[in-house]
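Reading through the structure tokens given below for one structure.
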């Protein structure tokens, strides 16, 4: 006999697939390939680092232990993340905090909310926020009530902290998550490049890591840097 829990799981998975297809149709950036969950799992620590670097800067965020051992020379984001790390250590913490606030808190084009630039306050954004929230809860992550589900540090933290390997829902779920990150960071990267922000190389590192987690399809266009 099919239980009510099983019915909910089937419906939930159907909604996820539908939303993935819908998002792929409306996204304005490059086509998205099939996700390699093993590689994504290998890069978990990198996403933990990205999450810590994208929240309001504190002294401990720039301690060597945050960085050491996370990025080997063969990591796809090695060059970009090293450039970011070196740039940040050339300025003071107070300067970093000022840059962070002026960049991410007051400018729409450089927001860390990944669906805002595309949708702003349209209903599609509300649907995506709700879907992401359910996605987090499916894998055991309780979202802070004060935060929106498309906040980039939160999305990176989820990839790092959630136990999703071996779950049959992981491919569609993590695929949706990476699509939202890719789409949001595409515009963010251009905006940061325009203002010559020291955060440019951090966002580039995130994109390079996401790109490395895709199984290339000869018929698909790969992600831009």
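Key figures for this structure:
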item	result
Two-site FRET efficiency, residue 58 against residue 194, from Cβ-Cβ distance with R₀ of 25 Å, rounded to 0.05	0.35
Length released on extending from residue 95 to residue 45, taking residue separation times 0.36 nm less the Cα-Cα span	15.3 nm
Theoretical gain in end-to-end length, residue 143 to residue 130 [0.36 nm per residue, Cα-Cα removed]	3.5 nm
Potential lengthening between residue 34 and residue 163 on full extension [0.36 nm per residue; Cα-Cα distance subtracted]	44.4 nm
Computed E for residue 215/residue 120 - FRET, C-beta separation, R0 30 angstrom, nearest 0.05	0.35
Efficiency of FRET between residue 78 and residue 171 - r from beta-carbon atoms, R0 22 angstrom, step 0.05	0.25
Three semi-axes of the equivalent ellipsoid, the range 110-201, Cα gyration tensor, whole Å, largest first	24, 15, 12
Along each principal axis, Cα extent of the range 4-215, largest first, Å	56, 36, 32
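No value in this document is a laboratory result; all are computed from the given coordinates. Just so it is clear, the model here is predicted, and its values are computed rather than measured. A quick note on method: Cβ atoms are made from the backbone with ideal geometry, for glycine too, and the neighbour counts reach across all protein chains shown.
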